[in-house]
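Bear in mind that the values in this text are calculations on the coordinates, not laboratory data. These numbers come from a predicted model, not from an experiment. Here Cβ is always computed from backbone atoms with ideal geometry, including for glycine, and neighbour counts include all displayed protein chains.
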Amino acid sequence: MHDIYRELILDHAQYRRNWGLLDPNDFDHEEHNPLCGDHLHLTMRVDDEGIIREVGWDGSGCAISQASASMLGERLVGMPLAEARKINKQDILDEIGIPLTINRVKCALLSLKVLIVGSLGQGEWERIEDEEDD
């Protein structure tokens, strides 16, 4: 079963979905993982009803961080921004589908961090991180 997820991760890392920044956009935020140097920049277009219509991103880093961003981007298109803000760390880890070391968990969660910090602020991300350590 893990082989299927590994193949999915490699596919998303190699053939990144929604690659490229959107300009103009309604959402524009970037973050990096200081532990490994992964970097992610996320842009989105959100319509008047609050629905995410387009996602664009770029970045660099390991296969896990790049695949996670690609998977999240696919998930976000068509979703209300209010619902996107409710995506949690376990949702992301479930999509990755394989056990990860603590350092790789940070890589997988970078895309979620960009979404949360960019839309709700650093304090909300710190709350989520504190839950992670419980």
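Loop-located trypsin sites (Lys or Arg not before Pro) in the range 1-73 (DSSP state not H, G, I, E or B) with no more than 12 neighbouring Cβ atoms inside 10 Å do not occur. Taken one residue at a time, the phi angles of the range 94-111 give Karplus couplings (6.51, -1.76, 1.60, θ = phi - 60°) of 5, 5, 5, x, 10, x, 10, 5, 4, 5, 6, 4, 4, 5, 5, 8, 4, 4 Hz. Gly and Pro are set to x. Given the choices (1) 14.7; (2) 21.2; (3) 15.9, Kirkwood radius over Cα pairs in Å derived from the coordinates of this structure is entry (1). Panel order for 119, 70, by other beta carbons found within 10 Å of each beta carbon, from fewest to most: 119, 70. Each of 78, 43, 92 was placed along the dipole of the range 1-101 (beta-carbon charges, centred on the mean Cα), and the one lying farthest toward the positive end is 92.
Residues whose amide H falls under 5 Å from that of residue 22, counting only those 5 or more places apart or on a different chain, are 43, 56, with hydrogens built in the peptide plane.
Which stretch or stretches of the range 1-34 have amide N atoms under 16 Å from the point lying 7 Å from residue 74's Cα along the Cα→Cβ direction? Answer for this model: 3-20. A straight chain from residue 83 to residue 129 at 0.36 nm per residue would run longer than the Cα-Cα distance by 14.6 nm.
The residue 48 and residue 3 beta-carbon pair, evaluated with R₀ = 41 Å, returns a calculated FRET efficiency of approximately 0.40. How far is the Cα center of the range 1-70 from the Cα center of the range 104-120, in Å? Centre-to-centre distance over Cα atoms comes out at 10 Å.
Calculated FRET efficiency, residue 102 and residue 15, Cβ-Cβ r, R0 22 Å, to nearest 0.05? That gives a FRET efficiency of 0.20. Distance between the modelled labels on residue 30 and residue 120, one decimal in nanometres: 2.4 nm (7 Å Cα→Cβ projection). Between amide H atoms placed 1.01 Å from N, distances below 5 Å from residue 53 occur with 45, 46, 47, 78, all of them 5 or more places distant or on a separate chain.
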